[in-house]
Amino acid sequence: MRFRLLMASLTVAAATVASGIAAGPAQAGLGEDCPSGALCAYTIDWMEGTRGQVYANNTNLLQYYAFNNAHSVYNNGNDCNVRIFSGKSYTGTGVTISRDHFIQQLQTTPWYNNIASNKWCV
């Protein structure tokens, strides 16, 4: 199992270098505590640590501990992709995360400890 996670991490790392950022599909066990329909942020890599969740568009996620201290993020939305932004009110750098996909490590991105806003169905 650890070998598969390592290989997935290396694959995503290579894709991140090539494209700037990569969001991978959900894997068994990862983000399983994220409620259906939610965007979840976690305070530790690989969807671990304290979890926070939101269900609607938000202009200021920094008021929520997990989003203000985000190390990973998972879109468990029911129907839509979600776009996260590094600035409040949908400003700053944005990236779209497909439904049932995640970003397992935010350290080298503008959203590390800083998922400031989100917009669904983009």
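An ellipsoid equivalent to the stretch 23-120, defined through the eigenvalues of its Cα gyration tensor, has semi-axes of 17, 14, 12 Å when rounded to whole angstrom and sorted largest first. A simple rule links phi to the HN-Hα coupling: the Karplus curve 6.51 cos²θ - 1.76 cosθ + 1.60 with θ = phi - 60°, which for the stretch 109-116 gives 10, x, 9, 5, 6, 6, 8, 8 Hz, with x for Gly and Pro. For a Förster distance of 30 Å, can you work out the FRET efficiency between the beta-carbons of residue 33 and residue 122, rounded to the nearest 0.05? Between residue 33 and residue 122 the formula returns 0.75.
Bear in mind these aren't lab numbers, they're just calculated from the coordinates by the rules spelled out. Everything numeric in this text was worked out from a predicted model, so none of it was measured. Note: ideal-geometry Cβ built from the backbone for every residue, glycine included; neighbour counts use all protein chains shown.
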